[in-house]
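Below is one structure, written out as structure tokens; comments come after it.
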Amino acid sequence: MRCVIARYPFDLTATGVLASMKGVRPELVTGASVTVGRRRYPVKQVGRVITRQDPRDFTEGEVTRAMARLGFTCHGRPEGMPSDAGGPALQRTPSGGTGPVAG
């Protein structure tokens, strides 16, 4: 299947993705993910391996669409994970607003 990721065309197949990910240890899933074989990988990790591009060059959406079209099961952000998981933690302040957690 032909798809475009980070403005570059790729001819991807499900067997090619499986072969590329074979032996690759999954990183911690903190955002969108895809099940490849019996393992669940972060979408950005899969994109990095199959395209050999820096993950900053493509979006989760581009890789998720390609993987879904190839028949892989894609997952959204894990439940309980805030949308800004990498940002500072916030908590309610006495005034009713939010602020950084003191630590």
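Only the coordinates and a few stated rules stand behind these numbers; no lab work does. Since the model is a prediction, treat every value here as computed from it, not as a measurement. Positions of Cβ are generated from backbone atoms using ideal geometry, with glycine treated the same way; all protein chains shown enter the neighbour counts.
Once you list every other residue whose beta carbon is under 10 Å from the beta carbon of I5, what net charge do they have if Lys and Arg are +1 and Asp and Glu are -1? Taking every Cβ under 10 Å from that of I5, the sum is 0. Electrostatic tally near P26: other residues with Cβ closer than 9 Å to its Cβ, Lys and Arg +1, Asp and Glu -1, net +2.
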